[in-house]
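Read through the structure below, which is laid out as structure tokens, and then see the notes.
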Amino acid sequence: MGTGSPPDTGEETRIHRAVSNDGTQIAGRVHGNGLPLVLVHAGLGDGVLDWGAAAPFLSDRFTCYLMSTRGRGSSDDHPTQSVARCVEDVTAFVESIGEPVGLAGGSGGALFALGAAARSEAVAAVAACDPLAFETLSEEDEARLHDAVERMAELAAADELVEAARDWMTEWTTDREMAALSESGYLEACATYVPVLLQLLDQTDDLSPTDPSTLQQITAPVLILYGSQSDATWPWFTESMRYIDEHVADTVVREIDGAGHMGAWVEPEAYADEIVEFFDERLS
């Protein structure tokens, strides 16, 4: 169990850069050698924070690109932080590699990955780890999400960014996952992205990567990974998984025993094992 940066192996730091549609430079750390695998972070993180712990279990088989959307990691910032722009960031990054790639994303990052897969033939296969679908939100769910955003905004306005990150993550984690994130220093590290996430949540647009018409455009095979305990945190999580499975043509669904919604962060080896098996068959 763990989160954070990959261990120091003496490997020279490699950065891959691409330019999004509006000119924003998007960057990602590169680890390993092999077939290309682009890894997309969730709402409150960056490529290294969210996939650093899984990278050692993937980089002996794949060239792992731990990309960050605008305003995260080494990517340039931009005042526009909409879902549409983030999907464009992922699409531009994927296409800049110059060959068919595997694409994986966790939570909100799975949303961006699915959106890019619907747009680009460069995506050969997708792993959607604990994906979200806002189309499945009930009125009660919407109220819960709204309250969480309001609390995060109030704490951020008081310059309590770490508490804002901690409060936000309570909506997404099991107690076990929250303890792991707290002990690893993840909450302190991702607190800097609270303002960026608030911008993203505030700048609504017409694009939904999980609209049925968009999901039906995905021709690449999709692995849906979800934690067996995610339903205990919020039934919306498993409803989202079932919804995406219903609307994407070619899916494989795998459950990670004992994991919650944040399993890809705190159970990286279990998620990596499924990702390796899936992409080994579809990228080679």
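Bear in mind that the values in this text are calculations on the coordinates, not laboratory data. Note that this is a predicted model, so its numbers are computed, not measured. Cβ atoms come from the backbone with ideal geometry, glycine included; neighbour counts cover every protein chain shown.
Convert each backbone phi in segment 260-273 into a coupling constant with the Karplus relation 6.51 cos²θ - 1.76 cosθ + 1.60 (shift: θ = phi - 60°), then list the ³J(HN,Hα) values in order as whole Hz, x for Gly and Pro.
Those phi angles translate into x, 5, 9, x, 5, 8, 9, 10, x, 5, 5, 5, 4, 4 Hz.
Would you grab the residues whose amide H sits under 5 Å from the one on SER75? Only those 5+ places off in sequence or on another chain, please, with H modelled 1.01 Å from N.
ALA27
Antiparallel as a % of all DSSP beta bridges within the chain, to the nearest 5?
Taking every DSSP beta bridge with both residues in the chain, the antiparallel ones total about 30 percent.
Using packing as a proxy for protection, rank 143-155, 33-45 so that the peptide with the highest average count of other Cβ atoms within 10 Å comes first.
Going from most to least packed, we get 33-45, 143-155.
Taking a spot 7 Å from the Cα of ILE15 along the direction of its beta carbon, which residues of segment 69-110 have an amide N less than 11 Å from it?
Within reach of a label on ILE15: 73-76.
Show the residues, 5+ positions off or on another chain, whose built amide H is closer than 5 Å to the amide H of LEU35.
Placed amide hydrogens put THR63 under 5 Å from LEU35.
Only one of the listed values, (1) 13.0; (2) 15.6; (3) 16.5, was derived from the coordinates as mean projected area of the Cα convex hull in nm²; which label is it?
Answer by label: (1).
Where the centroid of each part is defined by its Cα atoms, how far is segment 176-205 from segment 14-70 in Å?
Each part's Cα centre sits 18 Å from the other's.
Which whole-Hz ³J(HN,Hα) couplings does segment 199-208 yield from phi under the Karplus relation 6.51 cos²θ - 1.76 cosθ + 1.60, θ = phi - 60°, glycine and proline marked x?
Those phi angles translate into 4, 4, 5, 7, 8, 6, 9, 7, 7, 10 Hz.
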